[in-house]
Amino acid sequence: MLRSTSALTLAAVLALAGCATSSPDVISRHDTQRMSTVVDATVLAVRPVTVDGSQNGTGGVAGGVVGAVAGSSIGGRRDSIVGGVLGAVAGAVIGNAIERNTTREDALEIMVQLRNGERRSVVQAKGNESFGPGDAVILVTTGGKVRVSRAPGYAPQDGNAPLPRPLPGTRG
């Protein structure tokens, strides 16, 4: 019974940890059917980074419960109480570590230059698109979150692609 409870709890922690993502290819349901701001830019540099894992407490709570159950099965009545407390503490620490490690993401820091000359940096999880210096991109801002995507109609030409021209009657 204890082994199946531990496995079930660990599976729940891992499933919940897998729900969080900062992938530019995954759009939050909350951000659908909302108008986004789009700004043209050119990639200056790209470097790989790691986004630290999050800890919302789910791993600690799940680990604490599993540890308490496991620890309480040790010895007699007095030993089982001490074992339960120690198991809960150890389980919470291990659960937090598991949650933090399973929510870490490989990401990119993308340095861009806007048409007005300003420079910006955006960190986002690695997605399906790759970027390199000189690439024409767009910065899409929705609900305070920004993601970088290839500019529509982008066709690299010897690594030096011009920014797309603004449509007539619009500001660029």
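Can you list the strands (runs of 3 or more DSSP E) lying wholly within segment 106-150 that have 3 or more residues being of a type in the set (Lys, Arg) and touching a residue at least 12 places away in the same chain (Cβ under 8 Å)?
Those strands (runs of 3 or more DSSP E) span 145-150.
Please verify whether segment 109-120 includes one or more residues that are within 16 Å of the chain's Cα centre (by Cα) and at pLDDT 75 or above.
Quick first cut of segment 109-120, residues within 16 Å of the chain's Cα centre (by Cα) only: 109-110.
Retained after the next criterion (residues that are at pLDDT 75 or above): 109-110.
Within segment 109-120, one or more residues are within 16 Å of the chain's Cα centre (by Cα) and at pLDDT 75 or above.
Is one or more of the residues making up segment 70-80 modelled with pLDDT under 65 and not aromatic (Phe, Trp, Tyr)?
Looking for residues that are modelled with pLDDT under 65 and not aromatic (Phe, Trp, Tyr), one finds none in segment 70-80, hence no.
Out of (1) assigned to a loop (DSSP other than H, G, I, E, B); (2) surrounded by fewer than 18 Cβ atoms within 10 Å (Cβ to Cβ); (3) at pLDDT 70 or above, what's the single condition that is false for GLN55?
(3)
The values are calculated or read from the model by the stated rules, or taken from the named source; none is laboratory data. These numbers come from a predicted model, not from an experiment. With ideal geometry, Cβ positions are generated from the backbone for all residues, glycine too; neighbour counts draw on all protein chains shown.
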